[in-house]
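Q: The structure follows.
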Amino acid sequence: MGVIGELVSTLFGSGRNVVAETVDVFRENAENGAKRDTEQVQAALTQFAAEFAFEQKSNFDKVIDGLNRIPRPAMALGTLGLFVSAMVDPIWFASRMQGIALVPEPLWWLLGAIVGFYFGARHQAKGQDFQRSIATTLARAGQVTQGISVLRALQSGLGAEVVQPAETNVIGGNFLENAALAEWKNAHS
């Protein structure tokens, strides 16, 4: 029994765990790895949200955005109008199509390039706006989660005394200063 006791005390005694320390040399600590991964994701989301911060648009930008919305509906409605005009006045429609037949091929290529670049640039701008809105939403995920935990603590009857002061900021203000929430808490206490 003395040899076994000496072996066990060597491996696990004196406040050390030689087996766990040896395993940590060859294998990452899962808890520490998860913590590092979470911090890395949070840092990336914070940077992404800062990069695509919401910008207030000027009146000029709003007017240009409005003008940029005209070509697609105009082309769609114009095409439908051509079908209607072909049925209502075929001679008028045929004379217009004869004029289009006289347009040289390089001009058609130029028109195709202009329309392609217009729609390509618009598609890219809309995609970037979508990514910006997702980054803003993801940046607020921590605040929303924090707010939900505070509200669940209130609902379970634990009250505000359980909530730490750092966790009381619920998207734009302190819930303890919110009269409606304070009234609800008093009614459910």
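Q: Take GLY157 and tell me if it is at pLDDT below 75, over 25 Å from the mean Cα position of the chain (by Cα) and at positive phi.
A: Taking the combined requirement at face value, the residue satisfies it.
Q: Name every residue in the range 46-61 that is at pLDDT below 85 and of a type outside the set (Asp, Glu), in order of residue number.
A: THR46, GLN47, PHE48, ALA49, ALA50, PHE52, ALA53, PHE54, GLN56, LYS57, SER58, listed by residue number.
Q: Does any residue in the range 123-143 that is touching a residue at least 12 places away in the same chain (Cβ under 8 Å) come within less than 8 Å, Cβ to Cβ, of a residue that is in a helix (DSSP H, G or I) and not aliphatic (A, V, I, L, M) six or more places away or on a different chain, and which pairs are these?
A: Hits for this filter: ALA135/PHE48; ALA135/GLU51; LEU138/PHE48; ALA139/THR46; ALA139/PHE48; GLY142/GLN42.
Q: Would you be able to say whether some residue in the range 40-48 is loosely packed, with under 10 Cβ neighbours inside 10 Å and without any contact (Cβ under 8 Å) to a residue 60 or more places away in the chain?
A: The answer is no, given that none of the residues of the range 40-48 is loosely packed, with under 10 Cβ neighbours inside 10 Å and without any contact (Cβ under 8 Å) to a residue 60 or more places away in the chain.
Q: Going through the range 72-98 one residue at a time, which ones are at pLDDT below 90 and surrounded by fewer than 10 Cβ atoms within 10 Å (Cβ to Cβ)?
A: Scanning the range 72-98 gives a single hit, PRO73.
Q: So, one more: Please indicate, with yes or no, whether at least one residue in the range 119-136 is more than 30 Å from ALA74 (Cβ to Cβ) and either among the β-branched types (Val, Ile, Thr) or at pLDDT below 75 (or both).
A: Yes, some residue in the range 119-136 is more than 30 Å from ALA74 (Cβ to Cβ) and either among the β-branched types (Val, Ile, Thr) or at pLDDT below 75 (or both).
Q: Give the range 68-96 a look and list any residue that's outside any helix (DSSP H, G or I) and farther than 22 Å from LYS126 by Cα, or say none.
A: Listed by number, the list holds a single entry, ASP89.
The values are calculated or read from the model by the stated rules, or taken from the named source; none is laboratory data. Keep in mind it's a predicted model, so treat the numbers as computed, not measured. FYI the Cβ positions are ideal-geometry reconstructions off the backbone, even for glycines, and counts take in every protein chain you see.
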